[in-house]
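Engineer: Could you have a look at this structure, given as structure tokens, before my questions?
The values are calculated or read from the model by the stated rules, or taken from the named source; none is laboratory data. Note that this is a predicted model, so its numbers are computed, not measured. Cβ sites come from the backbone with ideal geometry, for glycine too, and all protein chains shown count toward neighbours.
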Amino acid sequence: MSSFRFHVALAAAKLSKGLIQLLGRNGTHTPGVIALKICPDFLAQAPKAPLTICVTGTNGKTTCSNLITDVLEKDGRRVVSNRTGSNIVPGCTTNVINSLTFTGKVRVDATVFEVDERASRLILPYVKPDYLVVTGLFRDSLKRNAHPDYIFSVIDTYCPDSAKVILNADELCSSMLKKDSYRVFYGIGKQPDDKTEPYNLIADYQICPNCGEKLKYNYLRYHHIGDVVCPKCGLHSPDKKYLATDIDREKMTITIQEGDKKTVYPLIHTALFNIYNEVTVISALREIGLSAERIKELMGQIHIPDSRHNETTVNGVTVIQALSKGQSAVSSSRTFEYVANEEGKKAILLAMDDLEDRQKSIEFSGWIYDLEYEQFNRDDVVQVICTGPRCYDHKVRCLLAGIPEEKILTNLSEVAAADDVTIDGVDRIYILYDCENYGMSCEMKKKIIKRLEGDK
């Protein structure tokens, strides 16, 4: 494709972005669509920033890519990133557009791409990342991602061999990616509450992928996350260059060992999945070249993106918005566990039916029955409100989990359900929402806060 067509596409995309922003929208997707319509090989032709980082995986990629971007910006670098999670081809193309001037010159020091794991075959070969960060591969939406082994094959095939790959040693599937490339591994060492046998409804890696023998877990966190060995052929979790050892949730610190050196970093969130996200980010930043002391300083200045987790306290009641990824039983089960183990009396609103999906197709409901609602069958969970078009499926699953029916409410309207939540005698109100439902969850939160403020 000609250079002339590339420059026409770039100009048209930049003009479209300006017009979209005048209308009050972000313009994270459409400029990329326009550029690709005019110049289909736009990504291949576009000049690259001096540092290009791609982050992919089933869960955690938005959080990790945002945190990496935050640290690099606070380190004084000019960075563009698809922060809002527009992570398929048009969104990543828009990210490239934002990194260029009108004349096609690179205007930034680094580009950070959140890359949808299935779309990676259409992005990684053309973006050609210096670093590929993989958070892990789990069972996700069955109709979209099929199985982690399938996603593994996509990433393994299409990631350029030149990329330095940063992998989670505690996640068996992704830790086997790109065996002939430069690879480093991170993970969390044995903790007091670890287990040794799979206990979740979903545990996809229980037999050795090499010989079929039952795997032995030296320690296990959840699903198939942990340190594993095959007693027959010797397959085992890789050695970790970046090993988290001591996690102190009271002092809010985490210690990471790198060789003989241990560094104590600020702990930015107490949920185990976010601790993994933090270890991922620190490992990536160390590989990029930031010193441990500089990362430690900057990690104390950042936080989990508000679109993933935020809290507001009104009259002694804390209202928490927490992402609980729809159609992903693994992701949502981890959020459920985090919520269940928090202190205090809790009311929980579920708004996890995918807005985009229910408008354009028929949502697959089987994932609801893989969700571990048993986490909410406890005395300190005083109310569970199931909302949206699948609210009755969620209620059935709650009943199957043994949650008393008197604790369960249903409402087809997510926003209207905010009027149903009890505000008396609770310490925390959780709004668990899907990736596409953040705006809706904000409306729900506003209504709850208004009720709490009127309850003075």
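Engineer: Mind checking which residues of segment 238-252 are of a type in the set (A, V, I, L, M) and over 22 Å from the mean Cα position of the chain (by Cα)? Working first, answer last.
Structural biologist: Let us first name the residues in segment 238-252 that are of a type in the set (A, V, I, L, M), namely 243-244, 247, 252.
The answer is none; no residue qualifies.
Engineer: Restricting the search to segment 413-447, which residues are part of a helix (DSSP H, G or I), out of contact with any Ser or Thr (no Cβ under 6 Å at 6 or more places or on another chain) and surrounded by 23 or more Cβ atoms within 10 Å (Cβ to Cβ)?
Structural biologist: Our first condition is that a residue be part of a helix (DSSP H, G or I); within segment 413-447, this holds for 416-419, 435-447.
From what's left, out of contact with any Ser or Thr (no Cβ under 6 Å at 6 or more places or on another chain): 416, 418-419, 435-437, 439-447.
Of everything in segment 413-447, those that are part of a helix (DSSP H, G or I), out of contact with any Ser or Thr (no Cβ under 6 Å at 6 or more places or on another chain) and surrounded by 23 or more Cβ atoms within 10 Å (Cβ to Cβ) turn out to be ALA418, ASN437, SER441, MET444.
Engineer: Being aliphatic (A, V, I, L, M), over 20 Å from LEU137 (Cβ atoms) and touching a Lys or Arg at 6+ places or on another chain (Cβ under 8 Å) is the requirement here; does ILE254 meet it?
Structural biologist: Details: aliphatic (A, V, I, L, M): yes; over 20 Å from LEU137 (Cβ atoms): yes; touching a Lys or Arg at 6+ places or on another chain (Cβ under 8 Å): no.
Answer is no for this residue.
Engineer: Does VAL228 count as outside the structural domain of ARG286 (by TED's automatic domain parsing), β-branched (Val, Ile, Thr) and surrounded by 14 or more Cβ atoms within 10 Å (Cβ to Cβ)? Walk me through how you get there before you give the answer.
Structural biologist: On the way: outside the structural domain of ARG286 (by TED's automatic domain parsing): yes; β-branched (Val, Ile, Thr): yes; surrounded by 14 or more Cβ atoms within 10 Å (Cβ to Cβ): yes.
Yes, satisfied.
Engineer: While we're here: Starting from residues that are in a loop (DSSP other than H, G, I, E, B) and buried (at least 21 other Cβ atoms within 10 Å of the Cβ), keep the ones in segment 87-115 and report whichever is modelled with the lowest pLDDT. Let's see the steps before the verdict.
Structural biologist: Just the residues of segment 87-115 that are in a loop (DSSP other than H, G, I, E, B), to begin with: 87-88, 99, 101-105, 107-109, 115.
When the remaining residues are screened for being buried (at least 21 other Cβ atoms within 10 Å of the Cβ), the result is 87, 99, 115.
Working: ASN87: 93, SER99: 97, VAL115: 97.
Selected residue: ASN87.
Engineer: Give me the residue from segment 58-85 that is assigned to a helix (DSSP H, G or I) and either outside the structural domain of ARG294 (by TED's automatic domain parsing) or basic (Lys, Arg) (or both) and, out of that set, surrounded by the fewest Cβ atoms within 10 Å (Cβ to Cβ). It would help to see each step written out before you state the result.
Structural biologist: As a first pass, look at segment 58-85 and keep what is assigned to a helix (DSSP H, G or I): 61-74.
Filter once more, so that each one left must be either outside the structural domain of ARG294 (by TED's automatic domain parsing) or basic (Lys, Arg) (or both): 61, 74.
Values: LYS61: 25, LYS74: 15.
Among residues in segment 58-85 that are assigned to a helix (DSSP H, G or I) and either outside the structural domain of ARG294 (by TED's automatic domain parsing) or basic (Lys, Arg) (or both), the one surrounded by the fewest Cβ atoms within 10 Å (Cβ to Cβ) is LYS74.
Engineer: Hey, LEU215 hits all of (1) among the hydrophobic types (A, V, I, L, M, F, W, C); (2) touching a Ser or Thr at 6+ places or on another chain (Cβ under 6 Å); (3) under 22 Å from LYS179 (Cα atoms) but one; which does it fall short on?
Structural biologist: All conditions pass for LEU215, except number (2).
Engineer: Is there a residue being in the same structural domain as GLU342 (by TED's automatic domain parsing), modelled with pLDDT of 95 or more, polar (S, T, N, Q) and part of a loop (DSSP other than H, G, I, E, B) anywhere in segment 372-383?
Structural biologist: Yes, segment 372-383 contains a residue that is in the same structural domain as GLU342 (by TED's automatic domain parsing), modelled with pLDDT of 95 or more, polar (S, T, N, Q) and part of a loop (DSSP other than H, G, I, E, B).
Engineer: Report, by residue number, each residue of segment 187-214 that is among the hydrophobic types (A, V, I, L, M, F, W, C), touching a residue at least 40 places away in the same chain (Cβ under 8 Å) and part of a loop (DSSP other than H, G, I, E, B). Walk me through it before giving the result.
Structural biologist: Residues of segment 187-214 among the hydrophobic types (A, V, I, L, M, F, W, C): 188, 201-203, 207-208, 211.
Next cut, touching a residue at least 40 places away in the same chain (Cβ under 8 Å) only: 188, 201-202.
Answer for segment 187-214, where residues must be among the hydrophobic types (A, V, I, L, M, F, W, C), touching a residue at least 40 places away in the same chain (Cβ under 8 Å) and part of a loop (DSSP other than H, G, I, E, B): LEU201, ILE202.
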